[in-house]
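> Before we start, here is the structure in question, set down as structure tokens.
The values are calculated or read from the model by the stated rules, or taken from the named source; none is laboratory data. In this text, all values refer to a predicted model and were calculated from it rather than measured experimentally. Cβ: placed from backbone, ideal geometry, glycine included. Neighbour counts: every protein chain shown.
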Number of protein chains: 2
Amino acid sequence: MTQTIQRRQTILQAMESAQIAVLVCFLPSDVLLLTGYWPVMGGTLAMLTSQGELFVVVPEDELELAQAAPEAKLIAYKPVTLDRLNSPGSVLFSVASGLLSSLRLPPGAVATSLQDRWQPVSYLAGHRFLTEIEALLHHVFPDRSIVSADSMMESLQSIKTEPELQKLRHCCTLASAGFEQASRAIAAGRREDEVAADIGSAFARVAQDGFERGWGYFFCMSGPNSAQASGAYARTRRRVIEAGDLVMVHANTVGDGFWSDITRTFVVGQPSDEQRRMVDAIAEARAAALDAIAPGALASEVDRAARNVLARHGFGSNFKHATGHGVGFAAADPHAHPRIHPESPDLLAAGMTFNIEPAIYFDGVQGMRHCDVVACSETGFDLLTPFQPPLAHL
Amino acid sequence: MTQTIQRRQTILQAMESAQIAVLVCFLPSDVLLLTGYWPVMGGTLAMLTSQGELFVVVPEDELELAQAAPEAKLIAYKPVTLDRLNSPGSVLFSVASGLLSSLRLPPGAVATSLQDRWQPVSYLAGHRFLTEIEALLHHVFPDRSIVSADSMMESLQSIKTEPELQKLRHCCTLASAGFEQASRAIAAGRREDEVAADIGSAFARVAQDGFERGWGYFFCMSGPNSAQASGAYARTRRRVIEAGDLVMVHANTVGDGFWSDITRTFVVGQPSDEQRRMVDAIAEARAAALDAIAPGALASEVDRAARNVLARHGFGSNFKHATGHGVGFAAADPHAHPRIHPESPDLLAAGMTFNIEPAIYFDGVQGMRHCDVVACSETGFDLLTPFQPPLAHL
């Protein structure tokens, strides 16, 4: 995706408000915001000056991908060669420090990531910079303040531009291939990992459709394991699915740096009376949350709308997490803005994208969750995961 | 995996040599080395004192997995709750600083990760600590030196204990399910992403066999795309495979934190004369490299053994990368020890695990690589990826 003038303007405005002379980004999702290019290996530095100049120091193997940043000056470097064994960071730092020293910057601070951040993966392994970027900036700019860009980046990432929203929408649409397979793959007598393999395989055939790089993670959690989905991470195991089980399928898929976060729950066979009550309560909670979405609404009110419905149906203590959180640049991050959480101070704004995930968990027994990705629109909400089934039995 | 007394002793000896009073680890593969438990979300701190006490501050959702560290004192914390919206780091830091302050440590430095490190992923997203652990340690220990543990950890990770080696061997064995599927999945007229989906699906059915958590990445690169596999990362695309193509299948799979790194190349139909020459040269280079492996051997000599063979066959300039690098705690990291590289100062030792990946790349045309995982044994080498085919045509 080409990074747009609209996006560049929002960043420059935020930099001006914070009196930042240059923004130096290295976390892949921050580089994506700045450039439209999603780094693979984590060894990329993107630098935007308050005058609007964008420099990207990029490993040469990612140069093709970095062309997505058309008005940027791309500086390629070789992290690894046959004639030296420098640490990867040292090569990058020597290029970056030369470049930064040569900039003629107006007064202002130097901003970069300093605080702990949640990051989705951009490859199966990669560079992790720790204290060294801060040290580099102190070395190059001994007389300027080095300040944290983290809150600013999180805030900028919460509201998508129209082209970013299109990428996220497309990412969510592709994920439907996995959920369509789910209703065919789930059956009593099959193991969770077999089901997840079938679903993942159906998705992998379409994951790159329209993207440079796309892949995804599908998890299958059945019976008592579905109750554990209230935790911070999903985990497919080898349990054999039984008739009457709830089977939760959770997906985080990605296309060119934009992530989905989707859950559907299936019942194997005819639902029990309790499962029907759970379905009804979640459907009603979902509708109430969606109804509460509007520009200017408090995110905490959206949470409350879902939570009140579940409580009224007697499931208050079974809804153990927030109703949602920001999705797009972030994956599975409960702190991504806007936080649809009882204590959230966040206000919704058009272009914000997040999930709505009402759920009911009975420890040791079963869990049910329905998680959609939505965008706050000018008038209400836009559902990015309209595919069926909302809650299905097989 | 239970962390062993043998492993604990090697760490304590390294700490004693470096006069370290406490080692504080947060990168998942470092926590794995210290505890035998591979963190999921990156929000775990493991602390080993020079007296041999091990403390693990662990998110409560990972407590079950952290039981792998049986002699450790586990301190669970809740990163996220419904009644507060603290940053995840702040909760961890308050627990960790209380714990660290209460330790009665002998004289010595405080060691932690400060330098850029390569890390494999442990989930689809997670915490990334940047400058904050260093700041925490300066706060708790104002009078002690805070030193980098990075070189020590890399060195400790290069040599596996016997139980670690067993895990890695099992990880490699499971990956064979993917490669067995490859010879059935590859065919003229099929797309790379379809082939990768079939292979990945076959592997996913066995990935968790014997592991708490296991998954993997299989890439398919055909024709001219196989030449691009010389770069720093693998990438499946949507190219349609043609008769006569080389088709490279590359895998990085993981079981409980131990990673494989395996490549096989297939020919669609009968190989051309040039492809036969490539097969022969690579087989001979591989044998020469394996022959050179022994405790005390220079890693650079192993590289030279393979490189000389390829040069003699006229493919010297087509072998664009090192012959190998450390594998196990690391995935796809060209700087993991031992570096089987022309300029490597590393000496091989029994228990070191690494890959041997002779290759021939013709830009824009085709590439062939054969990558095995091996362990340096007391007498030579032990092949962890003995499965066929070494180089096959279909």
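> Does A:His321 meet the test of being within 17 Å of A:Ser230 (Cα to Cα) and either crowded, with 24+ Cβ neighbours inside 10 Å or free of Cβ contacts under 8 Å to residues at least 40 places away in the same chain (or both)?
no
Conditions tested, residue by residue: (1) of a type outside the set (A, V, I, L, M); (2) touching a Ser or Thr at 6+ places or on another chain (Cβ under 8 Å).
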residue	(1), (2)
A:Lys320	yes, yes
A:Gly326	yes, yes
A:Asp333	yes, no
A:His337	yes, yes
A:Ile356	no, yes
A:Thr379	yes, no
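> Can you tell me which residue is farthest from B:Pro28 (Cα to Cα) among those in region B:312-346 that are more than 10 Å from chain A (Cβ to nearest Cβ) and in contact with a Leu (Cβ under 8 Å, 6 or more places away or on another chain)?
Result: B:Gly316.
> Which one is farthest from the other protein chains (Cβ to nearest Cβ) among residues in region A:176-220 that are of a type in the set (Gly, Ala, Ser), assigned to a loop (DSSP other than H, G, I, E, B) and surrounded by fewer than 19 Cβ atoms within 10 Å (Cβ to Cβ)?
A:Ala188
> Does A:Ile241 satisfy being under 28 Å from B:Arg191 (Cα atoms) and more than 9 Å from chain B (Cβ to nearest Cβ)?
Answer is no for this residue.
> Output the residues belonging to region A:251-266 that are among the charged types (D, E, K, R) and either farther than 20 Å from A:Asn225 by Cα or part of a helix (DSSP H, G or I) (or both).
If the condition is that a residue be among the charged types (D, E, K, R) and either farther than 20 Å from A:Asn225 by Cα or part of a helix (DSSP H, G or I) (or both), then A:Asp256 is the only one that fits.
> Going residue by residue through region A:267-290, is there one that turns out to be assigned to a loop (DSSP other than H, G, I, E, B), modelled with pLDDT of 95 or more and within 20 Å of A:Ala375 (Cα to Cα)?
Within region A:267-290, not a single residue is assigned to a loop (DSSP other than H, G, I, E, B), modelled with pLDDT of 95 or more and within 20 Å of A:Ala375 (Cα to Cα).
> Quick one: would you say B:Gly364 is crowded, with 22+ Cβ neighbours inside 10 Å and within 14 Å of chain A (Cβ to nearest Cβ)?
no
> Something else about it: Under 9 Å between Cβ atoms, which residue pairs at least 6 apart in sequence (or on different chains) link something in region B:12-32 that is closer than 20 Å to B:Ala125 by Cβ with a partner that is among the charged types (D, E, K, R) and assigned to a strand (DSSP E or B)?
B:Leu27/A:Arg128; B:Leu27/B:Arg117; B:Ser29/B:Arg117; B:Asp30/B:Arg117
> Give region B:104-125 a look and list any residue that's more than 7 Å from chain A (Cβ to nearest Cβ) and within 24 Å of A:Pro120 (Cβ to Cβ), or say none.
Residue satisfying the conditions is B:Ser122 alone.
> When you scan region A:344-355, do you find a residue that is modelled with pLDDT under 95, under 22 Å from the mean Cα position of the chain (by Cα) and loosely packed, with under 15 Cβ neighbours inside 10 Å, even just one?
No: region A:344-355 contains no residue that is modelled with pLDDT under 95, under 22 Å from the mean Cα position of the chain (by Cα) and loosely packed, with under 15 Cβ neighbours inside 10 Å.
> How many residues are away from every other protein chain (no Cβ under 14 Å) and buried (at least 20 other Cβ atoms within 10 Å of the Cβ) when one looks only at region A:58-73?
Count: 2.
> Checking the conditions here, which among A:Ser158, A:Ser145 is more than 10 Å from every other protein chain (Cβ to nearest Cβ), at pLDDT 95 or above and in contact with a His (Cβ under 8 Å, 6 or more places away or on another chain)?
A:Ser158
> Somewhere in region A:227-243, is a residue in contact with a Pro (Cβ under 9 Å, 6 or more places away or on another chain), crowded, with 24+ Cβ neighbours inside 10 Å and not assigned by TED's automatic domain parsing to the domain that holds A:Leu32?
Within region A:227-243, not a single residue is in contact with a Pro (Cβ under 9 Å, 6 or more places away or on another chain), crowded, with 24+ Cβ neighbours inside 10 Å and not assigned by TED's automatic domain parsing to the domain that holds A:Leu32.
> In addition: Can you tell me which residue within region B:50-75, out of those that are outside any loop (DSSP other than H, G, I, E, B) and of a type outside the set (A, V, I, L, M), is nearest to B:Ile11 (Cα to Cα)?
So the residue we want is B:Phe55.
> With respect to the numbered conditions (1) farther than 29 Å from A:Met352 by Cβ; (2) at the interface with chain B (Cβ under 10 Å from one of its Cβ atoms); (3) at pLDDT 95 or above, which one is the sole condition not fulfilled by A:Leu92?
Of the numbered conditions (1) farther than 29 Å from A:Met352 by Cβ; (2) at the interface with chain B (Cβ under 10 Å from one of its Cβ atoms); (3) at pLDDT 95 or above, the odd one out for A:Leu92 is (3).
> Restricting attention to region B:321-333, which residues are within 17 Å of B:Glu301 (Cα to Cα) and of a type outside the set (Val, Ile, Thr)?
Result: B:His321, B:Ala322, B:Gly324, B:His325, B:Gly326.
> Can B:Ser260 be described as under 29 Å from A:Gly126 (Cα atoms), of a type in the set (S, T, N, Q), crowded, with 24+ Cβ neighbours inside 10 Å and at pLDDT 95 or above?
Against the criterion (under 29 Å from A:Gly126 (Cα atoms), of a type in the set (S, T, N, Q), crowded, with 24+ Cβ neighbours inside 10 Å and at pLDDT 95 or above), B:Ser260 qualifies.
> Kindly provide the set of residues from region B:89-116 that are free of Cβ contacts under 8 Å to residues at least 24 places away in the same chain and either crowded, with 16+ Cβ neighbours inside 10 Å or not assigned by TED's automatic domain parsing to the domain that holds B:Gly52 (or both), ordered by number.
B:Val91, B:Asp116
> Let me spell it out: the conditions are (1) modelled with pLDDT of 95 or more; (2) out of contact with any Phe, Trp or Tyr (no Cβ under 8 Å at 6 or more places or on another chain); (3) at negative phi, and A:Gln19 meets all of them except one. Which number is the exception?
(3)
> What pairs can you find where one residue is in region B:259-276 and under 15 Å from B:Phe203 (Cα atoms), the other is assigned to a loop (DSSP other than H, G, I, E, B) and small (Gly, Ala, Ser), and their Cβ atoms are less than 6 Å apart, with a gap of 6+ or different chains?
B:Trp259/B:Ala331
> Just the residues that are at pLDDT 95 or above, of a type in the set (Val, Ile, Thr) and assigned to a loop (DSSP other than H, G, I, E, B), please, taken from region B:96-134.
B:Val121 - this is the single residue of region B:96-134 that is at pLDDT 95 or above, of a type in the set (Val, Ile, Thr) and assigned to a loop (DSSP other than H, G, I, E, B).
> So for region A:163-172 (the condition being farther than 21 Å from A:Ile360 by Cα, touching a Gly at 6+ places or on another chain (Cβ under 9 Å) and basic (Lys, Arg)), does at least one residue qualify?
Yes, because at least one residue in region A:163-172 is farther than 21 Å from A:Ile360 by Cα, touching a Gly at 6+ places or on another chain (Cβ under 9 Å) and basic (Lys, Arg).
> Quick one: in region B:66-79, which of the residues that are out of contact with any helix residue (DSSP H, G or I) (no Cβ under 6 Å at 6 or more places or on another chain) and modelled with pLDDT under 90 is farthest from B:Trp38 (Cα to Cα)?
In this case the residue turns out to be B:Glu71.
> Which one of these is of a type in the set (Val, Ile, Thr), in a helix (DSSP H, G or I) and either touching a Leu at 6+ places or on another chain (Cβ under 8 Å) or in contact (Cβ under 8 Å) with a residue 60 or more places away in the chain (or both): A:Val309, A:Val302, A:Val373?
Residue meeting the stated conditions: A:Val302.
> Do we find a residue being of a type in the set (D, E, K, R) and buried (at least 17 other Cβ atoms within 10 Å of the Cβ) anywhere in region B:271-284?
No, region B:271-284 contains no residue that is of a type in the set (D, E, K, R) and buried (at least 17 other Cβ atoms within 10 Å of the Cβ).
> Report, by residue number, each residue of region B:126-145 that is hydrophobic (A, V, I, L, M, F, W, C) and closer than 22 Å to A:His127 by Cα.
Across region B:126-145, the qualifying residues are B:Phe129, B:Leu130, B:Ile133, B:Ala135.
> Okay, next question. Is there any pair with a first residue in region B:75-88 that is without any contact (Cβ under 8 Å) to a residue 60 or more places away in the chain and a second that is among the charged types (D, E, K, R) whose Cβ atoms are under 6 Å apart and which are 6 or more apart or on different chains, and what are they?
B:Ala76/B:Glu60; B:Lys78/B:Glu60; B:Leu85/A:Glu343
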